[in-house]
Amino acid sequence: MKKWFNEDYEFIIIVKNDDYKKCRLGFETGDVLKCKYEVPCDFCPKTTPILYTLCEVIRCGGNFKLRGSEKPYEIEFKCPDGFVEFKLVAKKIAK
């Protein structure tokens, strides 16, 4: 695969709270996943649309304050089932 576009942001997904006995993927508090444009390996398919939408906010030049976050590049969100809470951090990639 040849990537032709250099991404501006890296996204860090941190599991904040979990009910791992109910999560089919077994996410546990403290688990960390990273991605740029791609979906992280082993990420929840039901939660992917939420993650993608939040990442697009940043990629399009926005921030998370209009989504209720106090910090412009950090936001917390839950999986659709409500069992796992994630923290998403967007970091600008130095060029």
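The values are calculated or read from the model by the stated rules, or taken from the named source; none is laboratory data. Not measured: the values here are computed from a predicted model. Accessible surface areas use protein heavy atoms only, side chains included; no ligands, DNA or RNA. Shrake-Rupley method; radii C 1.70, N 1.55, O 1.52, S 1.80 Å.
With a 1.4 Å probe and every protein chain kept in, tell me what percent of the accessible surface of the chain is carbon plus sulfur. List each step's numbers first, then the result.
Values: 3450 of 6630 Å².
Solvent-exposed carbon and sulfur of the chain make up 52 percent of the total.
Per the helix-only calculation at 222 nm, which mean residue ellipticity applies to the chain, given -39500 (n - 2.57) for every DSSP H run of n ≥ 4 and division by its residues, nearest 500 deg cm²/dmol? Provide the component values of the computation, followed by the final result.
Values: 1 runs with 12 residues, N = 95.
Value at 222 nm, helices only, nearest 500: -4000 deg cm²/dmol.
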Which angle from 0 to 90°, rounded to the nearest 10, does the C-alpha axis of helix 48-59 make with the longest principal axis of the chain? 30
Here is the link list: K2/K65; K2/K46; K34/K65. Which ones come out longer than 30 Å on Cα distance? K2/K65
Computed from these coordinates, which is mean projected area of the Cα convex hull in nm²: [x] 6.7; [y] 7.2; [z] 5.3? [x]
Taking amide H positions as placed in the peptide plane 1.01 Å from N, state which residues far from F64 in sequence (5 or more) or on other chains have amide H under 5 Å from it. Y73, E74
